[in-house]
1. Residue 8 versus residue 63, label points 7 Å from Cα toward the beta carbon: distance in nm?
2. Report the relative contact order of the chain, percent, no decimals, based on alpha-carbon pairs under 8 angstrom and at least 6 residues apart.
3. Can you tell me how much longer the chain between residue 111 and residue 24 gets when fully stretched, taken as 0.36 nm per residue apart minus their C-alpha distance, in nm with one decimal?
4. Please give the per residue accessible area of the range 120-193, computed with a probe of 1.4 Å over protein heavy atoms only, in Å².
5. Only four residue types carry charge here, +1 at the Cβ of Lys and Arg and -1 at the Cβ of Asp and Glu. Report the dipole size of the chain about the Cα centre in Debye, rounded to the nearest 20.
6. Just name one of 171, 47, 89: the one whose Cα is farthest towards the positive end of the charge dipole of the chain (beta-carbon charges, Lys/Arg +1, Asp/Glu -1).
7. Looking at this model, which pairs from 157/190; 131/173; 26/157 are more than 30 angstrom apart at the alpha-carbon?
8. What are the principal axis extents of the Cα atoms in the chain, in Å, biggest first?
Amino acid sequence: MNTTTLIKHFTKGETENARNSFNDLKEQMALQGILTPISTTSSEQLHQVRSILEMGAIISIHSNDSAEFEQITRLLHAHYFEISATSPSDEMTSILGLMMLHYLCENRFSEFHALLELCRVRGLLEDQYIKHAIDVERNLTEGSYGCFMTARNNVPKAEYSFFMDLMVERIRKNIAEAITEAYESLSIAKASK
């Protein structure tokens, strides 16, 4: 499998070209039967597939496609937690933190906590990416929106802004819905405070 084109487009920030290259590679991996790991997949193939999927996850964020991000991270989950044939990935905790933020965006707290438990078992809770997701979840559950906004402005990696912005929109929508239920009338000046 030739990843040169994908890497070239990925490093240049050419999102659409990178996405097309990723989709071509994903199709090749599926045809070769290595997209989902099995016992006969070599360590070299596992490493290459994992790297391609990690790039695909980041590309999906740059494409504003959270559904594709979830599909890719479901494939990566096996590489991170079920396979020990490859060395740990440098991108693993970054992707896991993004997965956790994705779950928070979707109000899927049980999946967030299941992934958090896997991270705890692996001793990853002090990692900056995992810690950021934990802090965001704590701020959301406590209703500490000021702290949430601080976390939004201090993301550990640019891609984290995608999910943080989605959460801001969700929070604003929830607040607006609560205001309409709680007040018969409210001036714009008071609502904007």
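1. 1.9 nm
2. 15 percent
3. Answer, rounded to one decimal: 28.3 nm.
4. In whole numbers, the range 120-193 has 67 Å² accessible per residue.
5. Charge dipole, the chain, about its Cα centre: 320 debye, nearest 20.
6. Final value for the positive-end residue is 171.
7. 157/190
8. Its Cα atoms span 64, 37, 25 Å along the three principal axes.
The values are calculated or read from the model by the stated rules, or taken from the named source; none is laboratory data. Note that this is a predicted model, so its numbers are computed, not measured. No Cβ is skipped: glycine too gets one built from the backbone with ideal geometry, and neighbour counts run over all protein chains shown. All accessible areas refer to the heavy atoms of the entire protein, side chains included, with ligands and DNA or RNA removed. Shrake-Rupley method; radii C 1.70, N 1.55, O 1.52, S 1.80 Å.
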